[in-house]
Amino acid sequence: MSDQPEASPLTRLVPVFAIVALVAMIAAAIFHVATLNEEPAPGFDRATAPAEPDYSASTSWLTRPESETPGGWERPWGVDVLWYSERIESYRGGWNAPIDWVGTEETAMTGDAWLNATPDQVKVFAPKRRYTSAFETPEEDRRAALELENEDVLSSFDYYADNDHRLRGLFVGGRGKGVEAAISIMEERIVGTEPYTSLFGGLIIAPGTSLSDDANIDLPACSRETPAYPCLLDLSALDETAAQESFNSTMSAFSQWLDENVAKPAAPLPPIETIQIAPINRPDGQ
């Protein structure tokens, strides 16, 4: 028989109290960390939004040809690709990120290096835009931020159309949310508007891009055997090497198709030089 005294009921409850206290402390710590990480979204205010991009400046483009492109009146027929990068949602300083935000410069074209090795007749234009941040609520503020971003998307095309198009063939495309931007261009600027409709090759989806379930793109798949334009060049399931091969072959095929099926535009006339002629002084009566 043991001489050790029997533990009292209070003593037996001490481990239980210790466990409950420990769980409470852990829960409090988790709540504290979560509270620190939850920054309330500021209200959207267009007056305090980042400055809009100036697309006449090279700093408003992720990539853009450095020299003037050959016009569509030359052979082979040139093709432009207007490319919209993935939206970067890690900005937390407001509803829209400035175009010179460091995150844009470092990661905007991540995964799109395959666009750097294009055929000679293909040129890529990738404009910056004021990305919508990760804030989700209030809903009306997020809608306003998305509208601001889309204004940049449309403005970038308008600048390109007025200054860079030169009657070349045209594809639009993007990665991730950039595909939505490309679709916006297609629907609001290209379809039904000449000369872009006649020179439109189609839409490109970048490798690794997953479209939302409600995405409805009514275009036939691009095919070299039975070319029909505009078409959908879906590279989402391909690796970079295969994507680059498919992209390059499609661009070359479209350039050839334009040369064989579309009337060549006339080259623009050289600028007219105005010559001032001094008046002729004649003798009286002559």
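The values are calculated or read from the model by the stated rules, or taken from the named source; none is laboratory data. On a predicted model such as this, the values are computed, not experimentally measured, just so you know. Cβ sites come from the backbone with ideal geometry, for glycine too, and all protein chains shown count toward neighbours. Heads up: the accessible areas ignore ligands, DNA and RNA and are worked out on the full protein's heavy atoms, side chains in. Shrake-Rupley method; radii C 1.70, N 1.55, O 1.52, S 1.80 Å.
Put simply, when 174-187, 108-121, 255-268 are sorted by average Cβ atoms within 10 angstrom per residue, most first, you get 174-187, 108-121, 255-268.
Please compute the net charge surrounding residue 55, taking Lys and Arg as +1 and Asp and Glu as -1 over other residues with Cβ under 11 Å from its Cβ. Summing Lys and Arg as +1 and Asp and Glu as -1 gives -3. Counting protein heavy atoms only, the stretch 126-258 has 45 percent of its accessible area on carbon and sulfur, 1.4 angstrom probe.
Count Lys and Arg as plus one, Asp and Glu as minus one, and take only other residues whose Cβ is under 13 Å from that of residue 181; the net charge is then -1. Taking 0.36 nm per residue of separation and subtracting the Cα-Cα distance, full extension of the segment from residue 161 to residue 245 would add 27.5 nm.
Residue 45 sits among other residues whose Cβ lies under 15 Å from its own Cβ, and their net charge, with Lys and Arg +1 and Asp and Glu -1, is 0.
Our estimate of slack between residue 49 and residue 92, defined as 0.36 nm per intervening residue step minus the Cα-Cα distance, is 14.2 nm.
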